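The block underneath contains the structure these notes are about, expressed in structure tokens.
Here, each number is a calculation from the coordinates, and none is a lab measurement. Since this is a predicted model, take the numbers as computed values, not measurements. All Cβ positions, glycine included, derive from the backbone under ideal geometry; neighbour counts span all protein chains shown.
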Amino acid sequence: MISARDMVVELREVDARFERAFVTFVTEWDDDPDTAREGLPYYLYYAEIARIIANDIRTGNRVRLAPIMDLVEKLHIEGDEAAREGATIGLLEGIQASMLQSNTGLHIANMYLGRESAREWKKLIHFWDHKQSDAPREG
């Protein structure tokens, strides 16, 4: 089973850009007083990774995406609860947010998603669509 700690190691190994992002992330947060008490805020690292992946999806960078999305799928299948949550909330939801921010249709990612990742992707879309329909209307 892949732990959340293992997830970070595997992310850093799958793409050199993720390693550079990790070094920047640790440098930025390592001296923060909250980090000493609570640990590194990995959700910020996942958000940066998600932006990189979303950009690869937008540009159709299949060569880079194949090993990355294979890892995301592996995390959904073999990850412990924390790793699966990191893969879904940290990565997939972050990818969706980045794509929506750049007015990129979420359907573009479908071809890169494995079976479990696609299931989680659809659940996130449903969740946010439902949340928006429940939001109070102005006027």
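Per-residue ellipticity at 222 nm computed for the chain from its helices equals -22500 deg cm²/dmol, with DSSP H segments shorter than 4 residues left out and the rest contributing -39,500 (n - 2.57).
Summarising the amide proton neighbourhood of Ile2: residues at separation of 5 or more, or on other chains, whose placed amide H is nearer than 5 Å comprise Gly79, Asp80. This ranking places Thr104, Thr35 by how few other beta-carbon atoms lie within 10 Å of each, fewest first, which gives Thr35, Thr104.
The 3J(HN,Hα) values that the Karplus relation (6.51, -1.76, 1.60; θ = phi - 60°) gives for the stretch 14-26 are, in residue order, 6, 8, 4, 5, 6, 5, 4, 5, 5, 4, 4, 4, 5 Hz. Gly and Pro appear as x. Using a Gaussian network model of the chain whose springs link C-alpha atoms within less than 10 Å, name the residue from Leu113, Leu40, Leu75 with the highest mean-square fluctuation. With Cα springs under 10 Å in the chain, the top fluctuation among Leu113, Leu40, Leu75 is at Leu40. Exposure proxy for Glu48, Glu85: other Cβ atoms within 10 Å of each Cβ, ordered fewest to most, give Glu85, Glu48. Under the convention that each Lys and Arg Cβ holds +1 and each Asp and Glu Cβ holds -1, the size of the dipole of the stretch 78-125 around its Cα centre is about 280 debye.
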